[in-house]
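A short worksheet on the structure shown next.
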Amino acid sequence: MFKIVNKKILNPTVTMMDIEAPLVAKKAQAGQFIILRTDEEGERIPLTVAGCDREKGTVKIIFQIVGATTEKLNHKEVGDCLTDFAGPLGRPTETEGLRKVCVVGGGVGCAIALPVAQKLHEQGCEVHSIIGFRNKDLLILEDEFAACSDKLTIMTDDGSYGRKGVVTVPLKEAIEAGENYDEVITIGPLIMMKFVVGVTKPAGVKTVVSMNPIMIDGTGMCGGCRLTVGGKTMFACVDGPDFDGFEVDFDEAMKRGAMYRDFERHSYEETCNLFKKEVQ
């Protein structure tokens, strides 16, 4: 059993937890993920490692409440335990040799981008971070990004905080102004990553994208995260989750991701109704 030692609500739909898992904490690196189950009858879901404390033996996870399992997980409190917490899985984000990088995160994807930015900062790399949200109320991890970024730009769709607009605007401005990035690392909604690549590819700036958003099983068995990279079929959970953004077929990935939305919504509503009955 894996005890929850800390819980913090970051915004109405995003929660952060620290889980007591010393063996995972000992090995986990930026870009990797874990598989958890909330209880014996629960489904297995992958969540990216958002940080770890090797001395305390804890692993940080940040999740958005979108389906049945994340709803169940959000009802857990400090002192409660998770049945399974396996990892680390996936390939770590490659950062060796990078001297100047722009990290672009969108929404809850910022939880995945943060440990990457922190690792780059620790290595002495110049880090420019651009993070985007729909509005101020959904903003997360501002202080954490500020601490590991040489330059931080915050974007909101409605202009309620930071600059108004999307993350590709300051990215394009920076590239056109002569910022010579060794690499752009982007993590967020598939459509956002597609448009980030649309900015960097014409400029010839190497771009790494995290395909974590399409993962389901996490071990390569279900095929739900199958995608086409450079004309070849790959699996986000086994071969990634990081890939060359220039080679990813985003349109195909978005179509596959949309296949599960109705099921996810139905499962989420059923779980919410069960919790409501318990309260009554």
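The values are calculated or read from the model by the stated rules, or taken from the named source; none is laboratory data. These numbers come from a predicted model, not from an experiment. Cβ placement follows ideal geometry from the backbone for every residue including glycine, while neighbour counts extend to all protein chains displayed.
Taking the condition of being under 30 Å from N135 (Cα atoms) and at pLDDT below 95, how many residues in region 17-28 meet it?
0
Just to be sure I understand, how many residues within region 86-122 are touching a Pro at 6+ places or on another chain (Cβ under 8 Å) and among the aliphatic types (A, V, I, L, M)?
Selection size over region 86-122: 1.
On the basis of being modelled with pLDDT of 85 or more and surrounded by 15 or more Cβ atoms within 10 Å (Cβ to Cβ), does T207 make the cut?
Yes; evaluated as a whole, the condition is true for this residue.
Condition check ((1) within 20 Å of the chain's Cα centre (by Cα); (2) within 19 Å of V196 (Cβ to Cβ); (3) buried (at least 16 other Cβ atoms within 10 Å of the Cβ); (4) not polar (S, T, N, Q)) across all residues:
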position: G124; (1), (2), (3), (4): no, no, no, yes
position: I131; (1), (2), (3), (4): yes, yes, yes, yes
position: L141; (1), (2), (3), (4): yes, yes, yes, yes
position: A147; (1), (2), (3), (4): yes, no, no, yes
position: L152; (1), (2), (3), (4): yes, yes, yes, yes
position: Y161; (1), (2), (3), (4): no, no, yes, yes
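Tell me yes or no: at least one residue of region 76-83 is at pLDDT 90 or above and under 15 Å from the mean Cα position of the chain (by Cα). Walk me through how you get there before you give the answer.
Going through region 76-83, the residues at pLDDT 90 or above turn out to be 76-83.
The next check asks that each one be under 15 Å from the mean Cα position of the chain (by Cα); those that pass are none.
No, region 76-83 has no match at all.
Among the residues that make up region 112-122, is at least one of them in contact with a Ser or Thr (Cβ under 7 Å, 6 or more places away or on another chain) and closer than 20 Å to I191 by Cβ?
Yes, some residue in region 112-122 is in contact with a Ser or Thr (Cβ under 7 Å, 6 or more places away or on another chain) and closer than 20 Å to I191 by Cβ.
If you go through region 193-200 one residue at a time, do you hit one that is surrounded by fewer than 19 Cβ atoms within 10 Å (Cβ to Cβ) and under 21 Å from A30 (Cβ atoms)?
no
T219 - would you say it is modelled with pLDDT under 85, among the β-branched types (V, I, T) and not assigned by TED's automatic domain parsing to the domain that holds G106? Break it down stepwise before answering.
Values: modelled with pLDDT under 85: yes; among the β-branched types (V, I, T): yes; not assigned by TED's automatic domain parsing to the domain that holds G106: no.
Taking the combined requirement at face value, the residue does not satisfy it.
Which members of region 20-78 meet the condition of being assigned to a strand (DSSP E or B) and of a type in the set (D, E, K, R)?
E20, R37, D53, K60
Looking at region 164-207, which of its residues are assigned to a helix (DSSP H, G or I), among the polar types (S, T, N, Q) and within 20 Å of the chain's Cα centre (by Cα)?
Once the filter is applied, which keeps residues that are assigned to a helix (DSSP H, G or I), among the polar types (S, T, N, Q) and within 20 Å of the chain's Cα centre (by Cα), region 164-207 yields only T168.
Return the residues of region 222-250 that are modelled with pLDDT of 85 or more and at positive phi; say none if nothing qualifies.
G230, G231
On the basis of being outside any loop (DSSP other than H, G, I, E, B), among the aromatic types (F, W, Y), in contact with a helix residue (DSSP H, G or I) (Cβ under 6 Å, 6 or more places away or on another chain) and outside the structural domain of L138 (by TED's automatic domain parsing), does F85 make the cut?
In short, no.
For (1) surrounded by 21 or more Cβ atoms within 10 Å (Cβ to Cβ); (2) of a type in the set (D, E, K, R); (3) in contact (Cβ under 8 Å) with a residue 40 or more places away in the chain, each residue gets a yes or a no:
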residue: K3; (1), (2), (3): no, yes, yes
residue: D18; (1), (2), (3): yes, yes, yes
residue: D39; (1), (2), (3): no, yes, yes
residue: G51; (1), (2), (3): no, no, yes
residue: E77; (1), (2), (3): no, yes, yes
residue: R99; (1), (2), (3): no, yes, yes
residue: G105; (1), (2), (3): yes, no, yes
